[in-house]
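Colleague: Below is one structure. I have some questions about it.
The values are calculated or read from the model by the stated rules, or taken from the named source; none is laboratory data. These numbers come from a predicted model, not from an experiment. Here the Cβ is made from the backbone with ideal geometry for all residues, glycine too, and neighbour counts use every protein chain on show. Just so you know, the surface numbers come from the protein's heavy atoms only, side chains and all, with ligands and any DNA or RNA stripped out. Shrake-Rupley method; radii C 1.70, N 1.55, O 1.52, S 1.80 Å.
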Amino acid sequence: MSSYKIEGGKKLRGDVNISGSKNAVLGILAAAMMLDGPCKIENVPDIVDVQAMLEICETLGAKINPCGGGVFEIDPTNISTYEATHPKVKNIRASYYLLGALLTRFKKATMYMPGGCNFGNRPIDLHLKGFQKMGAKGTRSTDIRDGIIRIVADELKGAHIFLDVVSVGATINLMLAATKAIGVTTIENAAKEPHIVDVANFLNAMGANIKGAGTDTIRIKGVPVLPGGYSYSVIPDQIEAGTYMIAAGVTRGDVTIHNLIPKHMEPLTVKMIEMGFGIEQGDDWIRVFANEDTELESTNFKTRPYPGFPTDLQPQATVLLCMANGMSRMHENVWDNRFQYIPELQSMGASITVMERIALINGPVKFCGARVTALDLRAGAAMVLAGLAAEGTTTVMAANRIERGYEKIVEKLRAIGADIIYVEDDVDEHIVTVADE
Ligand code: EPZ
């Protein structure tokens, strides 16, 4: 099993560049499968989940030509199957976007239930109910047999859909299914994350008619053809950028994070300023700095759908709160079991009590190096952050889970002064097992 070995206590200093957004590009790659012509996608991050999605798209029959530098030419016109049953479909959550894409292309879609990080129940009922409202059949939970979803539609018709839970995945998936439907679809109570706007912008660039992405009401007027034929550049990754902002904070360093969109970072920026960190920002960069003697103030975070504080920065921000004076609270309002990593953090010295969806964090603590496991993508990132701040050596097992969403994380951290190495095959007795994704 691969691992990262970290000698902690080094202040991070210098400049780091952010890569393309994982959660935008996975939706965009699925959307590309619906086009009636080729397209070019730029700023694609080289991460495991993207590699998996590209592989799945190729097994469907799409032609994928890597041009280098994160640029891919994609030609979906020879896609010959509506069955997404490649084993890797079970490895990633975003494979479920192929339901909306294949339903649009073939009026049929068959695929394994999706995988993804394991932090509680991850239903797709909102996706299926929305497809049903648009005319699809096979969308009831009782229709799903042997872990395989089989949906068909004579026609996809525009519908008025209200999401009773704000869902990123359902918003994107239903946007895909509505793009060539007959008539107008409105999605009320839609999620507003930056990656949703990016998928909508990609589709509009390729000939779709989508308005309101980024608000809670998205209106999609079905078009007969999606000609494609253009290039599109993926937005920077909000969560990667936030992770490096926090890395600068936990090491009391001075790091400028480039190629980001400051507005997307506001939910984190305001909280780090509140805690006492120095923040400067420009058009596409944010500098985070703190002195050794800066007294960090405790505070409370509440995860919410965008523009609230993102749940995908919750584990990382919890590490930061361990360094603040006094009692802080982390409220996890999106997922029902996203504190599984806390015992790993406690083994490094954290003083945290979890009461259902609230973590009470007592600080400041000085982390000690330990052998810990990356239980999922963002929990793994949090272990790396704690290791960077800790005294001594930290080994983060299951590093492959972190490589799902962070491009060149070892190179990027080493370039700003971290002492971190990748260990290919670290046989170790400290393996915390979790039900695999
Ligand atoms: C996306 O997951 C992200 N993944 C997650 O990021 C992120 O945590 C999540 O959005 C919230 O921002 C990708 O984009 C690939 P949801 P998704 O549908 O779409 C409930 C990462 O680290 N719900 O917005 O699965 C659900 O249980 C990953 O990059 C239903 O009830 O999340 C949850 O409580 C981890 N029924 C809430 O909605 C449904 O049909 C939000 O889920 C769908 C969701």
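Colleague: With unit charges on the beta carbons (Lys and Arg positive, Asp and Glu negative) and the dipole taken about the Cα centre of the range 22-233, which residue among Tyr232, Pro114, Gly70 sits farthest to the positive side?
Modeller: Pro114
Colleague: Also, I was wondering about something else. So how tilted is helix 194-205 from the main axis of the chain? Cα-based, degrees 0 to 90, rounded to 10.
Modeller: Taking Cα atoms only, the helix is inclined about 30 degrees.
Colleague: Also, quick follow-up: Given 0.36 nm per residue, what is the gain on full extension from Asp36 to Asp15 after removing their alpha carbon distance, in nm?
Modeller: 3.5 nm
Colleague: In the range 1-137, what percent of the accessible surface is made up of carbon and sulfur (1.4 Å probe, ligands and nucleic acids excluded)? Kindly include the intermediate steps, with their values, before the conclusion.
Modeller: Working: 2300 of 4810 Å².
Here it works out to 48 percent.
Colleague: A follow-up question, please. Counting only DSSP beta bridges with both residues in the range 22-233, tell me the antiparallel percent, nearest 5.
Modeller: Approximately 70 percent, going by the DSSP bridge assignments.
Colleague: Tell me the net charge near Gly69. Cut-off is 11 Å between Cβ atoms, Gly69 excluded, with +1 for each Lys or Arg and -1 for each Asp or Glu.
Modeller: For residues surrounding Gly69, the net value is -2.
Colleague: Within the accessible area of the range 289-353, what % is carbon and sulfur when the probe is 1.4 Å and the other protein chains stay in place? Intermediate values should be presented prior to the final figure.
Modeller: Numbers: 1130 of 2460 Å².
The nonpolar share, carbon plus sulfur, comes to 46 percent.
Colleague: 222 nm [θ] for the chain, helices only, -39500 (n - 2.57) per DSSP H run of 4+, per residue, to 500?
Modeller: Result for the chain: -8500 deg cm²/dmol, rounded to the nearest 500.
Colleague: Using the Karplus curve 6.51 cos²θ - 1.76 cosθ + 1.60 with θ = phi - 60°, what ³J(HN,Hα) values do you get for each residue of the range 124-132, in whole Hz, with x for Gly and Pro?
Modeller: Ordered by residue, 3J(HN,Hα) equals 10, 4, 5, 4, 5, 5, x, 4, 4 Hz.
Colleague: How long are the semi-axes of the equivalent ellipsoid of the chain, defined as square roots of 5 times the Cα gyration tensor eigenvalues? Whole Å, largest first.
Modeller: Value: 38, 21, 21 Å, ordered largest first.
Colleague: Between beta-carbons, use under 13 Å as the cut-off and find the net charge around Glu332, counting Lys and Arg +1, Asp and Glu -1. Can you show the working numbers first?
Modeller: On the way: positive: Lys302, Arg304, Arg329, Arg338, Arg357, Arg378; negative: Asp312, Asp336, Glu356.
Result for the neighbourhood of Glu332: +3.
Colleague: Give me the net charge for the shell around Glu83: Cβ to Cβ below 10 angstrom, other residues only, Lys and Arg +1, Asp and Glu -1.
Modeller: +2
Colleague: Shape of the range 22-233 from its Cα gyration tensor (a ≥ b ≥ c, root eigenvalues): rounded if a/c is under 1.5, otherwise prolate when a/b > b/c, or oblate?
Modeller: Values: a/c = 1.34, a/b = 1.14, b/c = 1.17.
Because its axes are fairly even, with a/c under 1.5, the range 22-233 counts as rounded.
Colleague: Could you grab the relative contact order for the chain? Cα pairs under 8 Å, six or more apart, rounded to a whole percent. Numbers along the way, then the final one.
Modeller: Numbers: 1094 pairs, mean separation 93.9, N = 437.
It rounds to 21 percent for the chain.
Colleague: Something else now. Can you give me the angle between helix 97-106 and the longest principal axis of the chain, using Cα atoms only, in degrees from 0 to 90, rounded to the nearest 10?
Modeller: Helix 97-106 and the main axis of the chain meet at about 10 degrees.
Colleague: Most mobile of Lys192, Lys108, Lys408 per a Gaussian network model of the chain (Cα springs, under 10 Å)?
Modeller: Maximum among the listed residues: Lys408.
Colleague: Moving on. Which angle between 0 and 90 degrees, to the nearest 10, do you get for helix 377-389 versus the longest principal axis of the chain when only C-alpha atoms count?
Modeller: Compared with the principal axis, the helix lies near 20 degrees.
Colleague: So, how do all the Cα-to-Cα distances of the range 282-354 break down into 10 Å bins, in percent, from 0 on up?
Modeller: 17, 45, 32, 7
Colleague: For the chain, with every protein chain kept in place, what is the accessible area per residue (1.4 Å probe, Å²)?
Modeller: 37
Colleague: Now for a different question. Using the crude model of +1 on Lys and Arg Cβ and -1 on Asp and Glu Cβ, and no other charge, please compute the dipole size for the chain relative to its Cα centre, in debye to 20.
Modeller: Rounded to the nearest 20 debye, it is 1380 debye.
Colleague: Calculate, in whole percent, how much of the Cα-Cα pair population of the range 26-78 lies beyond 15 Å.
Modeller: The proportion of pairs with Cα distances above 15 Å equals 37 percent.
Colleague: Output the pairs from Lys11/Lys88; Lys88/Lys108; Lys133/Lys211 with a Cα-Cα distance over 27 Å in this structure; if there are none, say none.
Modeller: Over 27 Å Cα-Cα: Lys11/Lys88.
Colleague: Within the chain, what percent of beta bridges assigned by DSSP are antiparallel, to the nearest 5? List each step's numbers first, then the result.
Modeller: On the way: 54 of 78 bridges.
DSSP beta bridges in the chain are roughly 70 percent antiparallel.
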